[in-house]
Structure formats: C-alpha cells, structure tokens
Amino acid sequence: MESNEIIKVKDLLNKTNLQIPEYQRPYKWDIYNINQLIDDILRFNDKETYRLGTIVLHKENEKLNIVDGQQRTISLLLIYHALKEVNQRYVGSLTINFDWKFKSDISKFNIQNNYQAIKRRANEFDEKTIKFIFEKCEIVVITLNDLTEAFQFFDSQNARGKDLDPHDLLKAYHLREMDEVEEKEKIKIIKTWEDVNPEELTRLFEDNLFRIRQWSKTRSARFFTKKDIGVFKGFNLHDMNEYMYSKIQVIANSYINHYNQEYIHQIDSNTMNYPFQIDQTIINGKRFFEMVTYYKKFKEKMKEIKNEILILLDSYESKSRTGDKYVRILFDCALMYYIDRFGEVELDKAIEKFFIWAYSLRLKQHSVQIASMDNYALAYIENINIFQHIREAINHKEIINLQLEIVSQIVATKVKEIVEKFEELGYVTKQ
C-alpha cells in the first residue's frame, strides 16, 4: 500500500490525474441514490466533519485510476457543477480542475437525470451547506501501486456478501441516530445485534419484515437489496414536532421510558416493552435495534404454536422444494402479521384461512417462482390481498370470515398430503 489518507471533497475533486479506467462499469447511480446522498449531507451539515466513504485508487505512472468509488466521485462532481451553475457566489470560488468524458449511454442518461435532480434541489443549499460539502465532508482515499493488490483490497471490502449489505447499512444508519444514548447502553445494543446469527438476521429481514411491510402497502417485495433500506428508516425523536403522524409514537416512547425509569420498577424489574407493530413507522436509533430483537423472539415463539396444519407443513413430502418454500413464506408472513395485529385470538381458524389462501397457489401451478409468490401476495393472480386486508381490518373477524375460492383443478405434483387437507376442509371441487 502506498498511502492511506483522509481528504476533503474539494481536495479529491482537485486531483488532476484522477481517471476512470476502461474496465470500470457505467455510472449507474440514479435519482434515488443522488437524493439519498443529498439528504445525508443536509442532515449532518452541523457536524464538524462527515465521512462519505472510501475510495480505492491504483497509481499507474502519473495517473490515479479509480478502482472503487467512481459512483460517489462522479456524483460529487455533478453536485459541484450543478451548484456552480445555480450558485456562483461560493461555488464559483472553488477550482475543480478536471472534467470527464463518458462514452456509455447508461452513464450519459444517469448523469443528465442526476444533474437535473441536483439543480431542482439547489435552493436547499445555503452557503454554510455548500462549504460543508466541499470543506468538511471527508473521503478515505487508499492508493495502491499494484493493480492486483488494488482489486484484492476492493474484493476484501465487499466480501461479506450482497445479502448482508442492507443490514450492515441499516446498522450504521441507526447507530448514527443514537447520539442521545449513553455509551454503555449503545455497546449493549450493538452486542445484541452482533450476537444474532447472520443467516437468521437475513431471513428475518428478507423473508418476513421486508415482505410484510411491502405487501401490506401493495408494493413488490421480491428481493431485499441495498436500495430498499429506506423501508426500515423512519423519523427521529429530535424532529418529533414536525409531523402530526408521529405524535402517538412519541407519546408511547416517552411514557415507556418514564415507566421503566421509575424507582419502583428499578426495584421490581417490572419493565414495559415498546408496543411494536410490523407496519408502523420506525423510530430511528435505539428503537430500531429493539424492534429487530423483538421480532427475532416473536419468530422463535411462533415455532411453539401447536396446530395440525403446522405439523403438516413441517412434514409433507415436498416441503423443501424451492416453490414450496416460497409458498411457505406467504403462509408464514400472513400468520406473523395476523398475530402481530390481533394476537392469538381464534388462531386455529386464522391458520386454516392462511393455509388455504397460500397453498391454493401451490396446487394451481406446476412451478412456483419468486415472481409467482410476489404477484400472488399483491393479488395480481387472485383477487384477495391478505396483507392489505390485515392492515385495514379493525376486528379479527374480518380476516377469519374472508371468502376464499375453491380449487377446481390441481396441477401440482407430490402434494398428496396438502390435497387431502384441502379435501377435508372442503376447498377442493370433487372430480
């Protein structure tokens, strides 16, 4: 390694020998990514410094080739040019000495769109914020002489795997929102997160929390990626006076904190948990980590439910096929959402209802893909969105009494036990 330095954004953009090598992919950041970067900058512009990330460079003769970090670097350059066009007063005093040319149509398209998106938000940047971007926002720059070493470093930085990235980003985001939490408590919260098996955390977010939150709002939920972490961002308690919708959660948060801090409850250990709901707006910071712990335990407790249908689903011949696993996710999510909203009231009837609803998809199709699962949850295949019904229901009877279609034609194979249960419950047309 030749060097490892922390520099200001303006110093990065002033590197006259900075280049994008031919092997780099096109510029793919879209308006969502740009707005997220701008939001972060505006949010933390009262900090002394703010770290924007790491860039890996390969030094080749006098050139500095960007191995990792070109998306962010190009975006910062776009911010500079867009603000300079709109606000000459300060930005015009900065001197940025390079201007790249792009051949890729993808790069050109995204650059044009993002440039206009930045200009539309230019009025949000006062002189203080502009100075903050270029003089207080920092980049970690790692420069290496050997290209192989540079790629190895890049790979090591990204080796933890795509599936874990959203969770890592959420952890970092919500840790930043915990300024008011004492260090001792913060360490305890982080340890609780780190003690969870990574695969278990992946399954909780991807299979359950993400899909329930999305499906209940009639939004697709095929894959949980870095682009979807906004689903698990909410509001900050220090901004509590801005929006009326947050008032009830602010009140609940304050009451629970007060209750748990009372002297008598410090003695009898009679503490109260925050009343989480899967579809509620998230309180950033400490409550997010508590929510994850709560639903981890919630999911474990669901395994203790005793019911004939659950025993069947855990034991039938083809339960481990990919398509059957997707159908099981539909069933588990519906059941989890029901219990989250109504508790275990008439639980056996709810299990029967969700079994018929979810496994009708299995019986009607030769192959169930992730798209089949997603479309079914969104009622693109059937006319019932179970998740929307649960979200809008005031009384559990509205779910228990839903009318479901009888299966008239079975095309799936190796589902004998499922068919027999459908026949027993009267949901298959006699052939």
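The values are calculated or read from the model by the stated rules, or taken from the named source; none is laboratory data. These numbers come from a predicted model, not from an experiment. All Cβ positions, glycine included, derive from the backbone under ideal geometry; neighbour counts span all protein chains shown. With ligands, DNA and RNA removed, areas are computed over all heavy atoms of the protein, side chains included. Shrake-Rupley method; radii C 1.70, N 1.55, O 1.52, S 1.80 Å.
Some points to look at:
- Sub-7 Å Cβ pairs linking a first residue in the stretch 177-200 that is within 12 Å of Phe288 (Cα to Cα) to a second residue that is open to solvent by less than 100 Å² (accessible area, probe 1.4 Å) and small (Gly, Ala, Ser), at least 6 apart or interchain, are Glu177/Gly285; Met178/Gly285, ordered by first then second residue.
- Residue in the stretch 136-144 that is part of a helix (DSSP H, G or I) and either within 18 Å of Lys28 (Cα to Cα) or modelled with pLDDT under 90 (or both) present: no
- For the stretch 294-318, the tally of residues that are surrounded by fewer than 17 Cβ atoms within 10 Å (Cβ to Cβ) and either over 20 Å from Phe342 (Cα atoms) or acidic (Asp, Glu) (or both) stands at 9.
- Any hit, the stretch 152-172, residues being of a type in the set (Gly, Ala, Ser), open to solvent by less than 40 Å² (accessible area, probe 1.4 Å) and modelled with pLDDT of 80 or more: no
- Going through (1) at negative phi; (2) assigned to a loop (DSSP other than H, G, I, E, B) one by one, Thr218 falls short only on (1).
- Residue match in the stretch 182-191 (condition: farther than 30 Å from Asn385 by Cβ, in contact with a Phe, Trp or Tyr (Cβ under 8 Å, 6 or more places away or on another chain) and modelled with pLDDT of 80 or more): yes
- Just one of the numbered conditions (1) within 25 Å of Met291 (Cα to Cα); (2) open to solvent by 10 Å² or more (accessible area, probe 1.4 Å); (3) in contact with a helix residue (DSSP H, G or I) (Cβ under 8 Å, 6 or more places away or on another chain) is not true of Tyr338: (2).
- Unmet criterion (only one of (1) open to solvent by 30 Å² or more (accessible area, probe 1.4 Å); (2) in contact (Cβ under 8 Å) with a residue 24 or more places away in the chain; (3) basic (Lys, Arg)) for Arg287: (1)
- If you go through the stretch 1-35 and keep only what is open to solvent by 50 Å² or more (accessible area, probe 1.4 Å) and either outside any loop (DSSP other than H, G, I, E, B) or touching a Phe, Trp or Tyr at 6+ places or on another chain (Cβ under 7 Å) (or both), you end up with Asn4, Glu5, Ile6, Lys8, Lys10, Asp11, Thr16, Gln19, Ile31, Tyr32.
- The lone exception for Gln365 - which of (1) closer than 25 Å to Asp279 by Cα; (2) more than 24 Å from the chain's Cα centre (by Cα); (3) open to solvent by 20 Å² or more (accessible area, probe 1.4 Å) it fails: (1)
- Filtered by the rule that a residue be out of contact with any helix residue (DSSP H, G or I) (no Cβ under 7 Å at 6 or more places or on another chain) and surrounded by 17 or more Cβ atoms within 10 Å (Cβ to Cβ), the stretch 348-362 gives a lone residue, Ser360.
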